[in-house]
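One structure is given here, and the rest of the page talks about it.
The values are calculated or read from the model by the stated rules, or taken from the named source; none is laboratory data. On a predicted model such as this, the values are computed, not experimentally measured, just so you know. Here the Cβ positions follow ideal geometry from the backbone for every residue, glycine too, while neighbour counts run over all protein chains shown. Heavy atoms of the whole protein, side chains included, go into the accessibility calculation; ligands, DNA and RNA do not. Shrake-Rupley method; radii C 1.70, N 1.55, O 1.52, S 1.80 Å.
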Amino acid sequence: MANNQNDIEAGDPAIPHTQDGIPMIVNGQRLSETAIQALREARNRKNEAKAADANLPAELNGPKGIEPTRYGDWERDGRVIDF
């Protein structure tokens, strides 16, 4: 039996979600409406940031592959050069 009315027992069925897909139970604890709203706002901010990044122009003549900048140095073919 659960200790608290918000605790969920191990044998309970699948975790319920809100209509917009946010889980109502995390780590066995039912989330408050405030926590659910905070998760909803965080998801919206993340989606807005992704949309803003998608609207940026592509880099011209930039490095291919992994970003070569490391601690103010540039690495090319195993050599590190300080400017």
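In segment 4-25, the residues that are under 12 Å from Ile36 (Cα atoms) and open to solvent by less than 70 Å² (accessible area, probe 1.4 Å) form Cβ pairs under 9 Å with partners that are at pLDDT below 50 and acidic (Asp, Glu), at six or more places apart or across chains, as follows: Ile25/Asp12.
In segment 32-68, the qualifying residues are those that are in a loop (DSSP other than H, G, I, E, B) and surrounded by 10 or more Cβ atoms within 10 Å (Cβ to Cβ), and the one that is modelled with the lowest pLDDT is Pro68.
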